[in-house]
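**Q** Just passing along the structure, written as structure tokens.
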DNA sequence: ATAAACCCTGACACCAGTGTCAGGGTCAAG
DNA sequence: CTTGACCCTGACACTGGTGTCAGGGTTTAT
């Protein structure tokens, strides 16, 4: 199977397949002419990679346990749980930060609306101040 | 005031001040020797930039209304509200996506723990499958 | 034999802000 | 006059996955 055929079967671009290879996720054989030769199992491998990418893992993280989960059930791969835990913690940190940002934005928006309510006549904006004055 | 002095007063690195200048946020005068010369007002300007960066705005977005808010109250700058609204919507989208990711992770973690509970004997991992086999 | 469709590698671009280095000028205190 | 501290510009790196192009080789069907 050539890279183009694998791309068609999995919906992953040729570009991305070559990137996964560089990341050590899927390393095909080579034909005499230099073309990549993928085994039929490669389809399942790529689908697995897609699954973990959709879980928010990076290719580098996936590289750490992909070989294991291709041969075993996820539960047998000791690398997986700690990774999921730290990834989940990281996601929750990000949500926390974004929530704080959103709260700040809401407060500012509310403050603006109050000011506009207090001074309904919309004053026109004067000329801008330039730092180099 | 030189760029180093402004950096010391604001806690913003020299590198970042030059970046803000390239983004059009703060444009100082130049001395005869080419050194940047900042007015005392530059401190306030940089503090304002910091405030908006902390709100999650980009330098490009800040550039669109910075001149206005330096001269007026925020409420008088028509550019601000729509920007806040779209930024807030964007943040909420990101939170939504992260929450979905986290939910998926939690479900996988739970599934793993159930499997481990059902099959307590920890089988050792066999040799890895290599794609190029 | 030629054209179309495929393959190869290497490289730049994107996003955003910052660190850091190279290579060179300036200024102030000793 | 020399030294150290400061300033200048330009450039690369980082993050992470993908698009895209250049420049070139291969294969397949006509």
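**Q** Against the definition (within 16 Å of DNA strand C (Cβ to nearest atom), touching a residue at least 40 places away in the same chain (Cβ under 8 Å), surrounded by 18 or more Cβ atoms within 10 Å (Cβ to Cβ) and within 11 Å of another protein chain (Cβ to nearest Cβ)), how does residue B:57 come out, yes or no? Steps first, answer last, please.
**A** Working: within 16 Å of DNA strand C (Cβ to nearest atom): yes; touching a residue at least 40 places away in the same chain (Cβ under 8 Å): no; surrounded by 18 or more Cβ atoms within 10 Å (Cβ to Cβ): yes; within 11 Å of another protein chain (Cβ to nearest Cβ): yes.
Spelling it out, it is not the case that residue B:57 is within 16 Å of DNA strand C (Cβ to nearest atom), touching a residue at least 40 places away in the same chain (Cβ under 8 Å), surrounded by 18 or more Cβ atoms within 10 Å (Cβ to Cβ) and within 11 Å of another protein chain (Cβ to nearest Cβ).
**Q** Could you tell me which residue of segment A:12-39 is nearest to residue A:86 (Cα to Cα), considering only residues that are without any contact (Cβ under 8 Å) to a residue 40 or more places away in the chain and under 17 Å from the mean Cα position of the chain (by Cα)?
**A** The initial filter retains those residues of segment A:12-39 that are without any contact (Cβ under 8 Å) to a residue 40 or more places away in the chain, namely A:12-18, A:20-22, A:24, A:26-39.
Still in the list and also under 17 Å from the mean Cα position of the chain (by Cα): A:12-13, A:15-17, A:20.
On the way: A:12: 27, A:13: 29, A:15: 29, A:16: 26, A:17: 27, A:20: 23 Å.
Per the criteria, the residue is A:20.
**Q** Among the candidates B:37, B:79, B:74, B:47, which residue alone is modelled with pLDDT of 95 or more and either within 24 Å of residue A:117 (Cβ to Cβ) or in contact with a strand residue (DSSP E or B) (Cβ under 8 Å, 6 or more places away or on another chain) (or both)? Write out each step before concluding.
**A** Details: B:79 fails: modelled with pLDDT of 95 or more; B:74 fails: modelled with pLDDT of 95 or more; B:47 fails: either within 24 Å of residue A:117 (Cβ to Cβ) or in contact with a strand residue (DSSP E or B) (Cβ under 8 Å, 6 or more places away or on another chain) (or both).
None of the others qualify; the one that does is B:37.
**Q** Return only the number of the condition from (1) more than 16 Å from DNA strand D (Cβ to nearest atom); (2) within 8 Å of another protein chain (Cβ to nearest Cβ); (3) out of contact with any helix residue (DSSP H, G or I) (no Cβ under 9 Å at 6 or more places or on another chain) that residue A:29 does not satisfy.
**A** Residue A:29 satisfies all of (1) more than 16 Å from DNA strand D (Cβ to nearest atom); (2) within 8 Å of another protein chain (Cβ to nearest Cβ); (3) out of contact with any helix residue (DSSP H, G or I) (no Cβ under 9 Å at 6 or more places or on another chain) except (1).
**Q** Somewhere in segment B:4-17, is a residue surrounded by fewer than 16 Cβ atoms within 10 Å (Cβ to Cβ), within 14 Å of DNA strand D (Cβ to nearest atom) and assigned to a loop (DSSP other than H, G, I, E, B)?
**A** So the first thing to find is which residues in segment B:4-17 are surrounded by fewer than 16 Cβ atoms within 10 Å (Cβ to Cβ), and the list is B:4-5, B:8-9, B:11, B:13-15.
Now restrict to residues that are within 14 Å of DNA strand D (Cβ to nearest atom): B:4-5, B:8-9, B:13-15.
Now drop any that are not assigned to a loop (DSSP other than H, G, I, E, B), which leaves B:13.
Yes, segment B:4-17 contains a residue that is surrounded by fewer than 16 Cβ atoms within 10 Å (Cβ to Cβ), within 14 Å of DNA strand D (Cβ to nearest atom) and assigned to a loop (DSSP other than H, G, I, E, B).
**Q** In this structure, does residue A:105 turn out to be facing chain B (nearest Cβ under 9 Å), away from DNA strand D (no atom under 16 Å from the Cβ) and over 16 Å from the mean Cα position of the chain (by Cα)?
**A** Numbers: facing chain B (nearest Cβ under 9 Å): yes; away from DNA strand D (no atom under 16 Å from the Cβ): yes; over 16 Å from the mean Cα position of the chain (by Cα): yes.
So residue A:105 fits the description; yes.
**Q** Just to check your reading of the model, which residue among A:94, A:23 is modelled with pLDDT under 95, facing another protein chain (nearest Cβ under 7 Å) and within 16 Å of DNA strand C (Cβ to nearest atom)? Full working, then the answer.
**A** Working: A:23 fails: facing another protein chain (nearest Cβ under 7 Å).
The unique qualifying residue is A:94.
**Q** I would also like to ask the following. Identify, from the list A:63, A:42, A:75, A:89, the residue that is within 10 Å of chain B (Cβ to nearest Cβ), closer than 15 Å to residue A:24 by Cα and either in contact (Cβ under 8 Å) with a residue 12 or more places away in the chain or more than 16 Å from DNA strand C (Cβ to nearest atom) (or both).
**A** Only one candidate qualifies: A:42.
The values are calculated or read from the model by the stated rules, or taken from the named source; none is laboratory data. Values in this document were obtained by computation on a predicted structure and should not be read as measured data. Methodologically, a virtual Cβ is constructed for each residue, glycine included, from the backbone with ideal geometry; neighbour enumeration extends over all protein chains shown.
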